[in-house]
Amino acid sequence: MRRLRWVADGGLWELDREAPVTMEGTARGVPGDPLPLGLSRGPRISRPKQLDFMHRFMASPLIPSFAGDPSNGGRGLLLHHAHTVHLHENWSATVLEQFHIQKFVSIIKERASNHLEKTSWPKTIAKHMLDILSLGFGTEFLVTPDSSFLLEAYDVKKENRCKAIFHHKLPKHNLTLEAAWPGLFVDKNGTYWDVPLSLAIDLASITAASGLSYHLCLQHNRGQPKHFGGDKMSDKPMSLLPGFCAKAAISIKKNVDLWRTKEGKLKMVQPYDVLLSDPHISASGIIGAVTSASLGDCSVRFSVKDESHRRKTVSFCSQKNKIALFADLFASFSFTAQHGNFQRLFLDLTRINARLDFPSGSTFLNGTARLAQDFYHSRQPDSAAMCAICPDMTVSLQQQIVGPFSFRVDSRIEFDPRDKSQFVRLGESIYAIDWALKVLGSAKATAWYSPKHHEAMVELRFFET
């Protein structure tokens, strides 16, 4: 579980997101953009290890995913398989296969409609094998009990995507060095971008559930970003342009149990998930500050007003010297209520979570001051100021169906004071079926679907609350 998500999961840091468009299965967030709504909350292991686990222990030789509507340039339905070989006690190698169902069906239809074709069916399939089958290779070496090195190559002979990751566990810190060529990024609209070369050094503190934590990152991009997998015309994210970016954040997190009980549990019966076994009502809050310095073409983004995020951050930009500095505050508050112990066969878990994110403290304070002036002078509140103080809200609902299976939906609630007819509306939603893996204490297989982006995936999650 090398790549843990940081505690400030509110668009404040460039975190990984699930990405069924590639065999590797993840994409990094575009710097400065909040991630599209996703279900990646808990720690995860690498994609090859996920596939290997599901093959061995879940009787699933083929793992499906869906990467966009083929009529809109997506890859459609895909099937994944992994072969893992343990070369030594601290060294393993993996061969990954990805089968393109949509391309296979197209080839079959084309062959069936061409009556003049004299080539046999096996030869036709063999001729197009490189089109319908993608290969990937990976090897992981445990250098020491606290250090690992992972080298991966995906879509060999096609896109030739490569990634190298070195992870080292320091006292109360995680250090990660990562290189990807090309690097895959996803912006706030769910659009994927390739950067020819992406290098990153990441240092994150390891803290308890409450307390002080910090995160440092140095990012270098080389080459012009281009739209993933096609010629789609859209504006390039300026933060992905060539250059260096150093970023640091510090935050304080506090968790409070408003009510919790251990009564009602069945004796001698293990819960399907030990972290979801106590009915409770709890709240948590994160307050912190983030600062960054950019050098190169990527610094241009600070010279452009960000109307989509309504941000008025503290920043300095010199277009002549291609240098930019940025600083801001952020906050995130969440409320969780759970009923049931997740032990019984039916309807023993109902859980709801609401999270309010304030990605820009300076924007919030500016909007608050403007509204205070409007009220003081008995003026009609400015709609732009009201937009500035509205948080980004996400609501999650989970309900046990039967046994270890539960249904889950994550939805984004959007506020728009400028639209008087619909001040609050339901935004993007993601639907999922969770299968709690009781034998592992707190782990689950999650099959999720995003109607907005036409994406679906099956993944493993650990220690997710």
Reported to the nearest 10 Å², residue 81 has, with a 1.4 Å probe, an accessible area equal to 40 Å²
Per residue, the convex hull enclosing the Cα atoms of the stretch 214-291 spans a volume in Å³ of 217 Å³
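Which value, in debye to the nearest 20, gives the size of the charge dipole of the stretch 125-284 about its Cα centre, when Lys and Arg are +1 and Asp and Glu are -1 at the Cβ? Could you put the intermediate results ahead of the total?
Details: 19 positive and 16 negative charges, 48 e Å.
Result for the stretch 125-284 is approximately 240 debye, rounded to the nearest 20.
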A chain fully extended from residue 252 to residue 424 at 0.36 nm per residue, minus the present Cα-Cα distance, gains in nm 58.9 nm
The percentage of Cα-Cα pairs in the stretch 337-403 separated by more than 21 Å is 51 percent
Going residue by residue through the stretch 87-100, the Karplus relation 6.51 cos²θ - 1.76 cosθ + 1.60 with θ = phi - 60° gives ³J(HN,Hα) values, rounded to whole Hz and with x marking Gly or Pro, of 6, 8, 4, 10, 8, 9, 10, 9, 10, 10, 10, 10, 9, 8
Taking the alpha-carbon centre of each part, the distance from the stretch 156-189 to the stretch 236-276 in Å is 22 Å
Per the 1/(1 + (r/R0)^6) rule, R0 = 25 Å and r from the Cβ atoms of residue 83 and residue 218, FRET efficiency to 0.05 is 0.10
At R0 = 22 Å the Cβ-Cβ FRET efficiency linking residue 109 and residue 227, nearest 0.05, sits at 0.20
Extension length gain for residue 372 and residue 149 (0.36 nm per residue less Cα distance), in nm, is 74.8 nm
To the nearest 20 debye, the stretch 189-269 has a Cα-centred charge dipole, built from +1 on Lys and Arg Cβ and -1 on Asp and Glu Cβ, of 380 debye
Largest-first ranking of 281, 287, 45 by accessible area, probe 1.4 Å, whole protein assembly kept, is 287, 281, 45
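How many percent of the accessible area of the chain is carbon or sulfur, using a 1.4 Å probe?
Working: 14850 of 23370 Å².
Roughly 64 percent of what the probe reaches on the chain is carbon or sulfur.
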Rounded to the nearest 10 Å², the accessible area of residue 386 using a 1.4 Å probe with every protein chain kept is 60 Å²
Rounded to the nearest 10 Å², the 1.4 Å probe accessible area of residue 167 is 20 Å²
Among 423, 404, 389, the residue whose Cα sits farthest towards the positive end of the charge dipole of the stretch 366-439, when +1 is placed on the Cβ of each Lys and Arg and -1 on the Cβ of each Asp and Glu, is 404
Heavy-atom accessible area with a 1.4 angstrom probe orders 97, 110, most exposed first, as 110, 97
Output row, site residue 327, 7 Å Cα→C-beta label point, backbone N cut-off 14 Å, window the stretch 247-272, residues 248-250
Simple SL model, points at 7 angstrom along Cα→Cβ for residue 45 and residue 452; separation in nm is 3.2 nm
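In the structure shown, do any of 49/157; 163/253; 158/247 have a Cα-Cα gap over 31 Å, and if so which?
Working: 49/157 23 Å; 163/253 33 Å; 158/247 34 Å.
As for pairs spanning more than 31 Å Cα to Cα, those are 163/253; 158/247.
If 109, 438 are ordered by their accessible area, calculated over protein heavy atoms with a 1.4 Å probe, which sequence runs from highest to lowest? Mind dumping the intermediate values first?
Numbers: 109 135, 438 75 Å².
Ranked list, largest accessible area first: 109, 438.
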In whole angstrom, the spacing between the Cα centers of the stretch 442-465 and the stretch 371-423 equals 24 Å
Scalar couplings 3J(HN,Hα) for the stretch 391-402 by Karplus 6.51 cos²θ - 1.76 cosθ + 1.60 (θ = phi - 60°), nearest whole Hz, x for Gly and Pro, are x, 8, 10, 10, 10, 10, 10, 10, 9, 5, 9, 7
Out of 275, 195, 258 - ranked by how far each Cα lies towards the positive end of the dipole of the stretch 193-287, with unit charges on the beta-carbon of charged residues - the top one is 258
Length gained if residue 350 through residue 179 is fully extended, taking 0.36 nm per residue and subtracting the Cα-Cα distance, is 57.4 nm
Expressed per residue, the solvent accessible area of the chain in Å² (1.4 Å probe) is about 50 Å²
Among 102, 124, 142, the residue whose Cα sits farthest towards the positive end of the charge dipole of the stretch 65-147, when +1 is placed on the Cβ of each Lys and Arg and -1 on the Cβ of each Asp and Glu, is 124
Among (1) 4, 15, 21, 22, 17, 11, 6, 3, 1, 0, 0; (2) 4, 16, 16, 14, 14, 13, 11, 8, 4, 1, 0; (3) 4, 17, 28, 27, 16, 6, 2, 0, 0, the value of P(r) over Cα pairs in 10 Å bins from 0, in percent computed for this structure carries the label (3)
To the nearest 20 debye, the chain has a Cα-centred charge dipole, built from +1 on Lys and Arg Cβ and -1 on Asp and Glu Cβ, of 60 debye
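The values are calculated or read from the model by the stated rules, or taken from the named source; none is laboratory data. The shown structure was predicted, so the numbers you read here are calculated from the model rather than taken from an experiment. Note: ideal-geometry Cβ built from the backbone for every residue, glycine included; neighbour counts use all protein chains shown. Keep in mind that these areas ignore ligands, DNA and RNA; they rest on the heavy atoms of the full protein, side chains included. Shrake-Rupley method; radii C 1.70, N 1.55, O 1.52, S 1.80 Å.
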